[in-house]
Structures are given as structure tokens and as C-alpha cells.
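The values are calculated or read from the model by the stated rules, or taken from the named source; none is laboratory data. Note that the structure is predicted; figures quoted are calculated from it, not measured. Every residue, glycine as well, gets a Cβ built from its backbone with ideal geometry; the counts of neighbours run over all protein chains shown.
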Amino acid sequence: MSVQEIIRDFERQKNAAKAAHLMRFFRTGKGQYGEGDLFLGLTVPQTRAIAAKHWREAALKQIKTLLQNPYHEIRLCALLMLVKKFETGGKRQKKQIFDFYIKNLRRANNWDLVDLSAYKIAGAWLYGKDQKPLYALAAAADLWEQRAAIVATMYGVKKGYFKTTLDLAQKFIAHKHDLIHKATGWLLREVGKKDGTALRAFLDTHCRKMPRTMLRYAVEKLPKRQKSKYMKRD
């Protein structure tokens, strides 16, 4: 298997009309968060099918080459293959893949690329371990590394561990970007699904300072009366 074989699978399914739509959806215009990103016009299921076909044979060197590709779907394929290798690997391979992922994380340079990989690799590897790498990502200058930090905590949240999520959520209250507000609110909402008391305690302390988008995402699953209370910042 070669990188070119994978790219040919994408070329055979490209769709110019769909690509144009995706470039608008993912805000690829000048000054937008996805500025300059290119699309071939494949759906996520199509990309998943290509990843499923090739992940066993793909070496990290080939995955790195795919991550450097200018086309969004090819980078997504690389990340999906990496996730599958992580999930099926032994401890040594998982550590190798985690290190590789962190080193190449800036190539996960749109929100879907982060959201489909961060908690499945970084979050999974760091669960039960020192969380310093996530705090370091949160303190980075790169938007996608910051988003990866909060999204990676999803793995812990699903296991009932909230501390890192709540720490980063507090830090990101002052963040300026809507994509961080949305991701943080999403993770707070997930905390609430597991432990409503933990979410309400956070909101009681911070709701008056939270960006409205973050707050709206966080309270989405609360009972109507509680949601109204927090949205009014009572």
C-alpha cells in the first residue's frame, strides 16, 4: 500500500459541488477560522470507508504524509486511521501514537478533525495519568491545540472524571473565540449529563462571566426552569 493508492481512492469519489458547499460550511474564506482549507467533496462516511480499508497497512510515516496533504478529507482519513491504530494497539504502540498525535496536532486544523480524534487518542492515553499535556495545549497559542485540550477531556468525563474539564472551562471563560466557547459549553453539558450537581456548582460560580454561547451550550439539557435561571444569569 502507498500514499498514492489512498489518494487515488479520494480522487475517484471527489465531488466539486459538495466541495464548494463544504468550503463555505467550514469557513475557509479570507480571515475565517478555516482560511485556505481545501475540500474534495467526500462525505464523512466515504472518508471513514477509505480509512477502514487502509489503516492496518498504513505506517506512521505514511500517515504523517497524509496529514501534510492540503485536502481536508485526506487529513481526516489520516486521523481516523491513527485512532483505529491507537484503539487496537498495545501499551507501547498507544504511547507512540499519542506522542505522534501531539507532535502533529496542528495538522488537525479544523474543529471536526479535532473533535473526531482528540478524546480518542490524547484523552484516552492521559486518562488516569498526569494531565499536564492538556494544560500545556490549553496554554498554547494555536486555536486547534486549545480546542483539542478541552475536547480531549471528554474521555475522562465519560468515566466520571471532571476536574480537568472544569479547570479548562474556567480558563476558557476569558477566551475570545466562538469555537472554544462552543467546545467548552459542550463539555460542560456532558459533565451535567453525568453529574448535574457538578455542573450546577460550576454555573453558580461562573455563569455571570461566561460567554453567552458557552453558557447556552452548557445548560442545553437542564430542566427548563434551571436553564432559564442561568440564561438570565440570576
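Please determine whether any residue of region 6-27 is closer than 17 Å to residue 117 by Cβ, without any contact (Cβ under 8 Å) to a residue 60 or more places away in the chain, surrounded by 18 or more Cβ atoms within 10 Å (Cβ to Cβ) and of a type in the set (A, V, I, L, M). No, region 6-27 has no match at all. Within region 83-110, work out how many residues are within 23 Å of residue 11 (Cβ to Cβ) and under 14 Å from the mean Cα position of the chain (by Cα). Selection size over region 83-110: 4.
Could you list, in sequence order, the residues of region 12-41 that are over 20 Å from the mean Cα position of the chain (by Cα) and either under 16 Å from residue 83 (Cβ atoms) or outside any loop (DSSP other than H, G, I, E, B) (or both)? Reasoning before the result, please.
Start the filter on region 12-41 by keeping residues that are over 20 Å from the mean Cα position of the chain (by Cα), which leaves 12-21, 29-31, 40-41.
16, 17, 18, 19, 20, 21 - these are the residues of region 12-41 that are over 20 Å from the mean Cα position of the chain (by Cα) and either under 16 Å from residue 83 (Cβ atoms) or outside any loop (DSSP other than H, G, I, E, B) (or both).
Restricted to region 111-132, and to residues there that are part of a loop (DSSP other than H, G, I, E, B) and more than 10 Å from the chain's Cα centre (by Cα), the residue that is nearest to residue 173 (Cα to Cα) is 131. Scanning region 190-211 for residues that are in contact (Cβ under 8 Å) with a residue 24 or more places away in the chain and closer than 23 Å to residue 178 by Cβ yields a count of 12.
Listed here are the residues, each with its yes/no results for (1) surrounded by 24 or more Cβ atoms within 10 Å (Cβ to Cβ); (2) within 22 Å of residue 64 (Cβ to Cβ).
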site: 104; (1), (2): no, yes
site: 110; (1), (2): no, yes
site: 136; (1), (2): no, yes
site: 142; (1), (2): no, yes
site: 148; (1), (2): yes, yes
site: 158; (1), (2): no, no
site: 166; (1), (2): no, no
site: 202; (1), (2): no, no
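Check region 133-142 and report whether any residue there is within 16 Å of the chain's Cα centre (by Cα), in a loop (DSSP other than H, G, I, E, B) and not small (Gly, Ala, Ser). Yes, some residue in region 133-142 is within 16 Å of the chain's Cα centre (by Cα), in a loop (DSSP other than H, G, I, E, B) and not small (Gly, Ala, Ser). Of the residues 193, 221, the single one that is in a loop (DSSP other than H, G, I, E, B) and under 20 Å from residue 155 (Cα atoms) is 221. The set of residues from region 168-189 being crowded, with 24+ Cβ neighbours inside 10 Å and in contact (Cβ under 8 Å) with a residue 60 or more places away in the chain comprises just one member, 183.
Of all residues in region 23-43, which are among the β-branched types (Val, Ile, Thr) and over 18 Å from residue 107 (Cβ atoms)? Answer for region 23-43, where residues must be among the β-branched types (Val, Ile, Thr) and over 18 Å from residue 107 (Cβ atoms): just 43. Determine whether region 103-110 contains at least one residue that is outside the structural domain of residue 147 (by TED's automatic domain parsing), out of contact with any strand residue (DSSP E or B) (no Cβ under 9 Å at 6 or more places or on another chain), over 22 Å from residue 137 (Cβ atoms) and not in a helix (DSSP H, G or I). For region 103-110, residues outside the structural domain of residue 147 (by TED's automatic domain parsing), out of contact with any strand residue (DSSP E or B) (no Cβ under 9 Å at 6 or more places or on another chain), over 22 Å from residue 137 (Cβ atoms) and not in a helix (DSSP H, G or I): absent. Among the residues making up region 42-79, those that are within 22 Å of residue 27 (Cβ to Cβ) and either outside any helix (DSSP H, G or I) or at pLDDT below 95 (or both) are 42, 43, 68, 69, 70, 71.
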